[in-house]
Amino acid sequence: MINFQYARATDVADAVRRIAAEKGAKFIAGGTNLLDLMKEDVERPARLIDISRLPLDKVEETKDGGLRIGAVVPNSDLAWHPLIEQRYPLLSSAILAGASAQLRNMASTGGNLLQRTRCLYFYDTATPCNKRDPGSGCSAIQGLNRMHAILGTSESCIATHPSDMCVALAALEAKVHVAGPSGERDIAFADFHRLPGDTPERDSNLGLDEIITAVELPARGFAANYSYLKIRDRLSYAFALVSVAAALELDGNTIREARLALGGVAHKPWRDPAAEAALRGKAANEAAFEQAAGALLRDAKGFGHNNFKIDLARRAIVRALTQAARGTPQSQSDKRIR
Ligand code: SF4
């Protein structure tokens with residue numbers, strides 16, 4: 001463990017002031033990922049700025065009929081919040097599919113967005129990794145890449161984003177509220193995380209001197225027809241090989257609106273508006289779901305050990321859409337896939 005300074009921010013303005021003043025400072029809320037990274041010598045912040053007691057701990061209704069979720073609301077509180085359970089059960093389900101109860105009790109909403117890849121080479125400081133040490137190379141491309149990405153990869157990095165919650169937030173078209181030295185701004189969820197390109201060290205478009213203050217959900221919650229299906233090596237406390245957030249609005253058996261986001265397959269939650277558009281107006285049946293899966297995965301590419309993910313993702317998409325259409329979402333307590 002390295003030596004570091006510790007400070008507690010008194011309000012959002014103070015947090016921004018402190019992070020902007022010291023290159024190498026980091027925010028800490030629940031610390032469920034950052035402390036691991038520090039223990040492994042991957043992150044070496046000179047100062048930790050504790051934001052866990054900032055007044056960003058509420059879930060509030062917006063005037064547009066949506067919800068504003070404070071950045072330090074714990075994942076457990078969010079998953080079990082009555083308004084989330086009633087109006088955004090897709091989000092609740094995705095959160096409960098992730099981590100363990102203990103981690104969900106500590107992990108914050110903003111921190112979930114900013115958690116870093118679990119690529120084993122990223123954590124192994126004895127190996128080259130462009131994300132940890134830009135320009136050093138990527139050990140995964142020719143190495144053990146069973147858990148790695150099949151979409152949106154680059155020659156620099158094939159890591160995946162590890163979050164379940166973010167996959168649901170992508171499908172729900174959430175907005176991220178941030179504050180920085182130049183004021184406040186909103187980032188559409190689709191634009192928040194980045195693909196690796198030739199700068200894999202940057203996971204998101206959040207500035208180094210900015211803080212997430214809230215995540216906002218629009219009014220549309222897809223509460224009747226949704227499913228979060230997570231396929232993993234064991235039934236709990238494991239990252240997704242492939243996950244699917246599927247949400248439909250149906251008019252009888254006709255699809256009026258469709259949302260589809262994938263986890264475990266790319267450097268960010270993966271969506272493709274064209275694949276969703278192709279579902280609109282179609283009958284909700286296997287043929288339409290297969291077609292959407294084909295569209296979403298048309299550019300998928302494996303790297304050897306992870307080739308199986310392409311077919312797994314196709315089948316998971318069809319299954320999740322089928323569950324959503326039937327109104328029988330994947331249960332995160334009885335985890336058997338039906
Ligand atoms: Fe590093 Fe990305 Fe390659 Fe993993 S996939 S070794 S995180 S550069």
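Key figures
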| quantity | calculated |
| --- | --- |
| Phi-based couplings in Hz for the range 14-29 (Karplus 6.51, -1.76, 1.60; Gly and Pro marked x) | 5, 4, 5, 4, 5, 5, 6, 7, 9, 4, x, 7, 9, 7, 10, 10 |
| Under Karplus coefficients 6.51, -1.76 and 1.60, residue-wise ³J(HN,Hα) of the range 51-64 in Hz, glycine/proline x | 10, 5, 9, 5, x, 10, 10, 10, 10, 10, 6, 9, 6, 7 |
| Filtered trypsin sites (Lys or Arg not before Pro), the range 201-293: DSSP coil and at most 15 other beta carbons within 10 Å | ARG202, ARG234, ARG280 |
| Distant-in-sequence amide H partners of CYS157 (H built 1.01 Å from N, under 5 Å) | none |
| Chymotrypsin sites (Phe, Trp or Tyr not before Pro) within the range 59-135, DSSP loop, no more than 16 other Cβ atoms inside 10 Å | TRP80 |
| Unsatisfied cross-links (Cα-Cα over 19 Å) in the set LYS23/LYS268; LYS26/LYS131; LYS26/LYS268; LYS282/LYS335 | LYS23/LYS268; LYS26/LYS268; LYS282/LYS335 |
| Other-chain or far-sequence residues with amide H under 5 Å of VAL242's (modelled H) | ILE231 |
| About the Cα centre, charge dipole magnitude for the chain (Lys/Arg +1, Asp/Glu -1 at Cβ), debye | 700 debye |
| Highest average packing first - 137-147, 107-117, Cβ atoms within 10 Å | 107-117, 137-147 |
| Once the Cα gyration tensor of the range 182-338 is diagonalised, semi-axes √(5λ) in Å | 27, 21, 16 |
| The range 49-191, dipole about Cα centre (Lys/Arg Cβ +1, Asp/Glu Cβ -1), debye to the nearest 20 | 220 debye |
| Cut-off under 5 Å, modelled amide H: who pairs with ASP50 long-range | ALA7, ARG8, ALA9, ILE28 |
| Crossing angle, helix 308-326 versus the chain [Cα axis fit, 0-90 degrees, rounded to tens] | 70 degrees |
| Positive minus negative residues near SER243 (Lys, Arg vs Asp, Glu; Cβ under 9 Å) | +1 |
| Estimated dipole of the range 199-306 in Debye, rounded to 20 [Cβ of Lys and Arg +1, of Asp and Glu -1, Cα centre] | 280 debye |
| Unit charges at the beta carbon, dipole of the chain: most positive-side option, THR199, GLY252, CYS138 | GLY252 |
| Vicinal HN-Hα couplings computed from phi for the range 168-179 (Karplus, 6.51 cos²θ - 1.76 cosθ + 1.60; Hz; Gly/Pro x) | 5, 4, 5, 5, 7, 6, 5, 10, 10, 8, 10, 10 |
| 0 to 90° range, to nearest 10: angle between helix 286-296 axis and the chain longest Cα axis | 30 degrees |
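Since every read-out is calculated from the coordinates, none of them should be taken as a lab result. Since the structure is predicted, the reported quantities are computational estimates derived from the model, not experimental observations. Every residue, glycine among them, receives a Cβ derived from its backbone with ideal geometry; neighbour counts consider all protein chains shown.
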